[in-house]
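Below is one structure, written out as structure tokens; comments come after it.
Each value in this text was obtained by applying a stated rule to the coordinates, not by laboratory testing. As the structure is a computational prediction, the values presented were derived from the model and not from experiment. Methodologically, a virtual Cβ is constructed for each residue, glycine included, from the backbone with ideal geometry; neighbour enumeration extends over all protein chains shown.
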Amino acid sequence: MGWPMPVPDRTELSGYLGALSARLGAEYASSEFAYIQLGAPVLWGVPVAGMIGQVLRQSRCTSKVAAKSIDERARSAISSLPDEWQGKLIAKLISEPGPHSEKWSANHVQSVAHALARWCRASAVLGQELRPTGTSFHIYATDLRDDGVSDRSVADYLSRIVSGFRVVADPGFCSTGCDHVIARHDALAKVAGRPTKTGAQIVGASTIFDLGVGLMDAARENGPRGLHVARDFRNGLLLSFAAALPQRARALSHLAFGTTVVLLERPYVHVVLPGRVLKMREAKKRFAGHDKVLINPVLWSALDDYKRSFRPLFDDGSALFPSMVDMGAAITSAQLGRLVGDLTFKHLGVRVSIHRVRDNAATEASEEIQSGGYLAPALLGNKSAGTTRDSYDHAQGMRAARDHGARIAGRRSSPKTLRV
């Protein structure tokens, strides 16, 4: 065979792998085919190496059962409720969105349906009426706490029961006793703090961004040789992007080249997210969204390298964070959350969730940027400045501690007696 070697197409590659598998067995054939992929960038270029990787993945991957949509999950939750309640919650689910719409998001409908179903089961066990009262709420809340449920979750469950009961049974329902129980557990939750959030998780958004850059640099050194190297680059990009664009996991899971992420002239990265993937009232989702241009040369270069050299090793799709096991699919929001936690725990020694990455961004903005405490709500897309006040307070504490430490260090280097 002469040089240069002719470039194979997908049909030839698939046929060669099939013949190799029939002759040597699937496992040995896959190993041999993987070696061909390692040399493909030199022989034919990165695009062919990506095509070989896709053929190899296709031979290994089995068809997956499609996950239920959030709408299907909401309907499934509704089906566990009494028949006379189901229709009114479904109406909340299918109502047309608009400025005066009473539509609820599928996620909220699912949460309310689960809370109502749990309340129905508890009421049956305790032999009490389904109509909530202060006494029955107190008993139920006590049982939940005995089961290890936090006060924050107790308050959330009770609030969903009240809002759900107003929809399915009594639109005018109001109970001072129920409100008192909810307020009490809400106050206890504020005192206790969130059990999943610790001060150790505030490592700094820049630290998380730099960790992602380090993972991508390591993948670059290895070169686009196979899926596992592409995975390492993808993981690094996820960390850096989450720090640069502190959005929730649901929004990050919808990022894709050409639609929600567009590379403009270096160093501009245009990010456009539709309202349906953001946390906002249903009435606003049709008209609102997130439309920002990031000015970040490091992120721009990473996206450019990823698009050209590493992303094609997964599949022909455009999802920014493709799945390793489900060819053609993106990583789900829940999987993104676990992945970010696993990566930060492995490399930083502390598990930082995607939501906690947002807190890191708000804290760093409050600490480093002039008037950052006022800018943080806009950075995170929070409706109320009070939501990010904890980050501002934490940043003020960090700044005070750092300034005090510098003062102490300066006084210790002085011959004068230190008085603190």
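Can you sort Cys174, Cys120 by how many other beta carbons sit within 10 Å, fewest first? Intermediate values should be presented prior to the final figure.
On the way: Cys174 9, Cys120 16.
Fewest-to-most Cβ neighbours within 10 Å comes out as Cys174, Cys120.
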Self-check item: Set of aspartates and glutamates near Lys92 by C-alpha distance (under 13 Å), chain-local residues within fewer than 8 positions excluded
Solution: Asp71, Glu102, Glu282
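Largest first and in whole Å, give the semi-axes of the range 70-192's equivalent ellipsoid, each being the square root of 5 times a Cα gyration tensor eigenvalue. Intermediate values should be presented prior to the final figure.
On the way: eigenvalues 119, 51, 40 Å².
Each semi-axis is the square root of five times an eigenvalue, giving 24, 16, 14 Å.
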Quiz item: Could you put Ile161, Ile295 in order, starting from the residue whose Cβ has the fewest other Cβ atoms within 10 Å?
Solution: Ile295, Ile161
Quiz prompt | Contour minus Cα-Cα distance for Val325 and Ala183 (0.36 nm per residue) | solution = 46.6 nm
Quiz item: Cα gyration tensor of the range 10-60, axes a ≥ b ≥ c as square roots of the eigenvalues: rounded (a/c below 1.5), prolate (a/b > b/c) or oblate?
Solution: prolate
Quiz item: With point charges of +1 on the Cβ of Lys and Arg and -1 on the Cβ of Asp and Glu, referenced to the Cα centre of the range 226-315, which listed residue (Ala242, Asn296, Gly226) lies farthest in the positive direction of the dipole?
Solution: Ala242
Self-check item: Simple spin-label estimate for Thr11 and Asp217 in nanometres, 7 Å along Cα-Cβ
Solution: 4.6
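Only counting other Cβ atoms within 10 Å, I'd like Arg152, Arg286, Arg311 sorted with the fewest neighbours first.
Details: Arg152 18, Arg286 15, Arg311 25.
If I rank by nearby Cβ atoms, fewest first, I get Arg286, Arg152, Arg311.
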Quiz prompt | Inter-site label distance for Asp304 and Ile70 at 7 Å from Cα along Cβ, in nm | solution = 3.5
Practice problem: Sort out for me the Cα centre separation of the range 282-311 from the range 193-266, rounded to whole Å. | Solution: 12
Quiz item: So, in nm, how far is label Lys190 from label Ala124 when the simple model puts each one 7 Å beyond its Cα toward the Cβ?
Solution: 3.7
Exercise. Filter the GluC sites (Glu not before Pro) in the range 81-177 to those in DSSP coil with at most 14 other Cβ atoms within 10 Å of their Cβ, and list the result.
Key: Glu102, Glu129
